[in-house]
Each structure stands twice: as C-alpha cells, then as structure tokens.
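First up is the structure itself, then whatever we jot down about it.
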Amino acid sequence: MKSVKLFITIISMLTVISCNGKKKTKELPPILKKEINPTKKIEKSWDSLKKHNVEAFFTAYEQKNKETEVLIKTKFGNIKLLLYKDTPIHRANFIFLTKINYFDTTVFYRVAKNFVIQGGNSDDLYTMKQRHKYGNYLIKPEFRPHRKHKYGALAAARHWEGNPNKLSSPFEFYIVQNRKGAHHLNNEHTVFGEIISGFSTMEKISKVDVGVDEWPKVDIKMTIEVIE
C-alpha cells in the first residue's frame, strides 16, 4: 500500500514539473517580446504638415525641392513666375501646394483695377478640403529690404485685423498690376517672387468685368505647374 502511495506521489511531482516546464517554454524572453511588439515610431517634425510645425516642415521640404519657377495657366494665357530663394519658407510652401495640385481648383477671385489681381481660393470642395486638411496654417513674414511691391511682384495675402505679427496666408497670393507698384504694402505683406514673362496675360485679366466686391463676373480658373 505504501509503495502504491509513493508511486502516485512521484507521478504527481513529475506532472507538476512537466506542466511548469510547458508554461516556461510558452513565455517569451523580454527581448523577443519587444521585437514582436515594437514601440510606436516617433514622428519627426517634418513628417507631415500641421499647424504647429509649419517652419520645421518647410525648412526640411525646401532642402529637397529646389525649384524656383512655376507657370500659371489661364484662358487668357500663361504667367511665368520666379520664386525667390531668400524667402525660403514662402517659396517652399508655394512649390508644395503646386505639387499637390491645390491651385488647380482655384481661381483669380479678386481683380482690383490698377492695383492687383488676387487668387488661390474658390468654392470648390477639394479646395476647401485641402485647406482644412492642413489646418489653415499661417506663415511667418519673410520681409527683405530689397523685395518691394513693384510692378509684377508676387506677394502673400493676409488678414489685417487680429494679425499683429503679419502672418501670411499660405494659400492666397496676389500680383501687383499697377505699373507704379504698390509700395504702401512694403513690409506689410511678404513679397516672395515676381513675373518673368506673361505681363500681357496679367493685363488681360485686369480688364475683366467685376462686381462691386471685385470678384470677376466670370470665373478665371487657373492651373499651376512647377517648371524648374
């Protein structure tokens, strides 16, 4: 009888050891657990454009996107623009928006006679979605003493009220159409480029019929492409 009890006890002990052994083999070492469940990738400040990282994003973007010339196409003809290298954030922003085809659903929505033609917005759903996607971010001014509002100058639009830091709209731009310039806007809006060909196209646009709000009675659609 004692021998039977002893045999049962030994079998029980072997069973416990075997079970414990199986549990240990199923449990992965810490290093393997880390490999199977890696920590979340840390997002760099230039991985995606958001409202809080505008300068970091475009500083990185402009290092890989060096183009300085773009072409605006309209039914009145083309306008070729040179973007300045010494306004790097505004230049990179314009190249970025051009490359994602943002401007291709926008219009010249303001024609102020003997002053400016202004574009970069529309009622198109895609246009509104893109502005919302990037959080309607703003850009710090890049005033340069030698960049003036001369005839054909390209500058960034901005809100005047509630904007003491003169932050630029990234989406909306204007071109000075007055042959004497618009020098009262120097150091108020960032000038970041100029027309190098297509002045006649700008003049044609400046002559269209507009309403009391300076909005053309017939939409002046545009597309913009990067040249080099």
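Side notes on the structure shown:
- Odd one out for GLU161 among (1) among the charged types (D, E, K, R); (2) surrounded by fewer than 17 Cβ atoms within 10 Å (Cβ to Cβ); (3) within 20 Å of the chain's Cα centre (by Cα): (3)
- Test: residue in region 101-111 that is of a type in the set (A, V, I, L, M) and at pLDDT below 95: no
- Considering region 121-141, the residues that are within 22 Å of HIS183 (Cα to Cα) and crowded, with 16+ Cβ neighbours inside 10 Å include one that is farthest from the chain's Cα centre (by Cα), namely PRO141.
- Residue tally, condition basic (Lys, Arg) and either more than 20 Å from ASP104 (Cα to Cα) or within 28 Å of the chain's Cα centre (by Cα) (or both), over region 205-228: 2
- Out of ALA92, ALA60, sole residue that is in the same structural domain as SER197 (by TED's automatic domain parsing), surrounded by 13 or more Cβ atoms within 10 Å (Cβ to Cβ) and modelled with pLDDT under 95: ALA60
- Members of region 68-94 found to be in contact with a helix residue (DSSP H, G or I) (Cβ under 8 Å, 6 or more places away or on another chain) and part of a helix (DSSP H, G or I), listed by number: PRO88, ILE89, ARG91, ALA92, ASN93
- The listed residue being of a type in the set (Asp, Glu), surrounded by fewer than 18 Cβ atoms within 10 Å (Cβ to Cβ) and modelled with pLDDT of 95 or more, out of ASP86, ASP47: ASP86
The values are calculated or read from the model by the stated rules, or taken from the named source; none is laboratory data. Note that this is a predicted model, so its numbers are computed, not measured. Because the Cβ atoms are built from the backbone with ideal geometry, glycine has one as well, and the counts that use them run over all protein chains shown.
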